[in-house]
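Notes to accompany the following structure.
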Amino acid sequence: VASNRPLGSGEVNIGGRSYSCTGQPDNTVRAVFPLVEQGDFSLTVTDVEGNICTSPFKGSVAIVPDNRPTISIVSPAVQSLAIPTAKIPIVIEAQDDLGISDVSLYRGLNESDDARKPLVLPADARIFVKVADTLDLADLGVRAGDVIDFYATATDTLPESPQTVSTEPYKLQIISEEQYAQMMRDQMTAKDLRLKYDNIISQM
């Protein structure tokens with residue numbers, strides 16, 4: 001609390017409890033207390049000469065619950081395939097009613113322990129963030145038959161006890177270039193068959 005003259009003390013009354021204020025530099029007093037319930041409060045201050053303010057300052061406190069954040073991996077899909085030389089973009093979105101303080105990506109290879117990678121966030125906590133990372137499979141040295149498991153977590157800005165949530169686990173199956181080429185041929189064959197029979201049906 002600031003005043004136009006040097007302050008020596010003060011008192012805050014809220015919820016039937018009183019909390020003392022201590023004098024600070026720059027004509028201020030300071031009190032620290034928990035907000036455990038909502039309701040009205042009043043505040044009085046006393047200057048260094050013992051003069052009490054003529055009327056207390058009054059206000060009200062509303063306790064707003066802090067909901068848990070939400071997080072989702074926009075891409076790739078929950079079950080995906082990739083060749084050993086691919087670069088896989090991972091796009092993550094997180095949201096919270098008061099602010100997101102951290103988004104992290106956890107990754108494991110062939111059921112190994114998860115490695116955490118904090119992702120870059122804006123300096124100020126925002127209620128919605130969108131971050132991206134890239135899995136460079138060539139740098140990871142993966143081979144056909146390997147499986148990469150990954151998931152993401154988001155933490156909000158709740159003081160003293162931040163809330164953290166995580167996405168469901170995602171899997172990236174590594175296949176050979178030959179397997180990928182065969183899948184493409186099979187897909188084209190199935191497409192050609194569909195076009196052929198669609199054409200027959202339309203003529204009938």
message: Please compute, for the alpha-carbon atoms of region 118-163, the extent along each of the three principal axes and give them in descending order in Å.
response: 45, 20, 14
task: Show the residues, 5+ positions off or on another chain, whose built amide H is closer than 5 Å to the amide H of residue 146.
output: 174
message: Going Cα to Cα from residue 117, which lysines come in below 16 Å? Please leave out same-chain ones fewer than 8 positions away.
response: 130
- prompt: Amide H to amide H, which residues 5 or more places from residue 86 or on other chains are under 5 Å from it, using H placed in the peptide plane?
  reply: 137, 138
field: In Hz, Karplus ³J(HN,Hα) per residue of region 114-121 (6.51, -1.76, 1.60; θ = phi - 60°; x = Gly, Pro)
entry: 6, 9, 8, 10, x, 9, 5, 10
- request: Please turn the phi angles of region 60-67 into ³J(HN,Hα) values with the Karplus equation 6.51 cos²θ - 1.76 cosθ + 1.60 (θ = phi - 60°), one per residue in order, whole Hz, x for glycine and proline.
  value: 9, 10, 10, 8, 10, x, 9, 6
task: Take the alpha carbon gyration tensor of region 129-204, find the square roots of its eigenvalues, order them as a ≥ b ≥ c, and report rounded if a/c is under 1.5; if not, report prolate when a/b exceeds b/c, else oblate.
output: oblate
query: Which residues' amide hydrogens lie under 5 Å from the amide hydrogen of residue 158, considering only partners 5 or more residues apart or on another chain, with H built in the peptide plane?
result: 163
Alpha carbon centroid spacing (whole Å) that separates region 52-66 from region 87-166: 40
- prompt: How many times 2.2 N^0.38 Å is the alpha carbon radius of gyration of region 76-162?
  reply: 1.24
- line: For region 123-135, in residue order, the Karplus 3J(HN,Hα) values (coefficients 6.51, -1.76, 1.60; θ = phi - 60°; whole Hz; Gly and Pro = x) are 4, 9, 5, 10, 6, 9, 9, 10, 10, 9, 9, 10, 8
- prompt: Residues of region 99-204: accessible area per residue at 1.4 Å, in Å²?
  reply: 67
Accessible-area composition of region 1-85, carbon plus sulfur, in percent [1.4 Å probe]: 52
field: the chain: relative contact order in percent, alpha carbon pairs under 8 Å with at least 6 residues between
entry: 17
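Please list the equivalent ellipsoid semi-axes of the chain, computed as the square roots of five times the alpha-carbon gyration tensor eigenvalues, in descending order and whole angstrom. Intermediate values should be presented prior to the final figure.
Details: eigenvalues 770, 84, 33 Å².
Square roots of five times the eigenvalues give 62, 21, 13 Å.
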query: So what's the net charge close to residue 7: Lys and Arg +1, Asp and Glu -1, counting the other residues with Cβ under 14 Å from its Cβ?
result: -2
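The values are calculated or read from the model by the stated rules, or taken from the named source; none is laboratory data. None of the values given here were measured: they were computed from a predicted structure. As a convention, Cβ positions derive from the backbone with ideal geometry for all residues, glycine included, and neighbour counts pool all protein chains shown. Side chains are part of the model used for accessible areas, which takes the heavy atoms of the whole protein and leaves out ligands, DNA and RNA. Shrake-Rupley method; radii C 1.70, N 1.55, O 1.52, S 1.80 Å.
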